[in-house]
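Shown next, in structure tokens, is the structure this report addresses.
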């Protein structure tokens with residue numbers, strides 16, 4: 001039996017004040033990055049982009065891979081993709097009209113608290 005493999009990701013975008021914010025998911029009392037199982041017919045990158053497209057009205061062409069690192073959650077190594085959102089025209093709408101109440105945008109200063117709950121290799125600096 002094949003063990004399930006997971007991948008996680010987030011999108012960073014600029015808020016109206018020009019400060020970076022990151023897409024996170026509220027689960028119980030912790031914030032998490034969006035995660036999904038890796039589809040056996042796809043790469044980890046394709047799997048997380050497909051998942052992100054289900055939670056936000058975006059196209060893959062709106063995203064630029066900014067960082068790839070590994071997170072360790074429950075002793076499992078999970079690829080963590082960080083995408084930069086490129087489409088400035090719909091940026092503000094995505095930041096304010098998200099219908100999924102479990103998702104929200106976390107500013108870069110608060111992201112550090114989320115990263116402390118995950119074991120991250122090569123923690124990127126987002127400023």
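The values are calculated or read from the model by the stated rules, or taken from the named source; none is laboratory data. Remember, it's a predicted structure, so these values are computed and weren't measured experimentally. Glycine also receives a Cβ, built like all others from the backbone with ideal geometry; neighbour counts cover every protein chain displayed.
Here are the numbers for the structure shown:
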read-out	value
Matching residues in the stretch 57-67 - criterion: being surrounded by 15 or more Cβ atoms within 10 Å (Cβ to Cβ) and at pLDDT 90 or above	63, 66, 67
Contacts under 9 angstrom Cβ, first residue in the stretch 69-82 being without any contact (Cβ under 8 Å) to a residue 40 or more places away in the chain, partner in a strand (DSSP E or B) and surrounded by 19 or more Cβ atoms within 10 Å (Cβ to Cβ), 6 or more apart	77/71
Residues of the stretch 71-87 satisfying the condition of being farther than 21 Å from residue 15 by Cβ and loosely packed, with under 15 Cβ neighbours inside 10 Å	72, 74, 75, 76, 77
Some residue of the stretch 80-94 being over 14 Å from residue 7 (Cβ atoms), at pLDDT 80 or above and part of a helix (DSSP H, G or I)	no
Residue that is out of contact with any strand residue (DSSP E or B) (no Cβ under 6 Å at 6 or more places or on another chain), surrounded by 13 or more Cβ atoms within 10 Å (Cβ to Cβ), modelled with pLDDT of 65 or more and not in a loop (DSSP other than H, G, I, E, B), where the choices are 113, 53, 42	53
Filter result (under 14 Å from residue 5 (Cα atoms) and free of Cβ contacts under 8 Å to residues at least 40 places away in the same chain) within the stretch 37-52	37, 38, 39, 40, 41, 42, 43, 44, 45, 46
